[in-house]
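Data block below; observations after.
Every read-out reported here was derived from the displayed coordinates using simple, explicitly stated rules and does not represent laboratory data. The structure displayed is predicted, hence computed values, not measured ones. All Cβ positions, glycine included, derive from the backbone under ideal geometry; neighbour counts span all protein chains shown.
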Amino acid sequence: MTKLTFDDALQRIADERCVARDDVQARALRRRVWIAEWHIPGCVSESFSVVTTKRDAIECALAMADGPPRGMATALRRYGRFDSQSPMFGRCINTIERRTLGDLL
């Protein structure tokens with residue numbers, strides 16, 4: 001069986017399919033990805049995306065905010081985090097973080 005390339009593994013993650021670490025090429029596991037995440041404090045991730053660039057991660061995080069508040073893009077770019085108040089959920093946290101693909105699996 002041929003092991004998954006970096007692009008194949010990302011596509012499976014995007015399709016919400018299972019990806020086992022042992023099924024991915026070693027060099028693909030070492031490559032870096034960006035994770036954009038939205039969650040309520042104390043809870044697991046409500047929504048997340050895995051992308052290849054910081055710019056894409058910021059765009060995903062802004063889209064998760066559904067009408068991002070002023071200053072959110074700047075805070076994500078500088079600090080990788082933005083806390084906000086949602087009328088529906090209360091306090092919400094948006095983050096972006098750089099990791100290796102292997103860290104995700």
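Here are a few things to note about the model shown:
- Rounded to the nearest 500, the helix-only mean residue ellipticity at 222 nm of the chain stands at -9000 deg cm²/dmol, with each DSSP H run of n ≥ 4 adding -39,500 (n - 2.57).
- Relative contact order (percent, whole number), the chain, Cα cutoff 8 Å, 6+ residue spacing: 31 percent
- Rel. contact order, % - alpha carbon contacts under 8 angstrom, at least six apart, the stretch 16-73: 25 percent
- Charge dipole (Cα centre; +1 on Lys/Arg Cβ, -1 on Asp/Glu Cβ; no other charges) of the chain amounts to roughly 540 debye.
- DSSP finds beta bridges in the chain, and of those with both partners inside it, around 95 percent are antiparallel.
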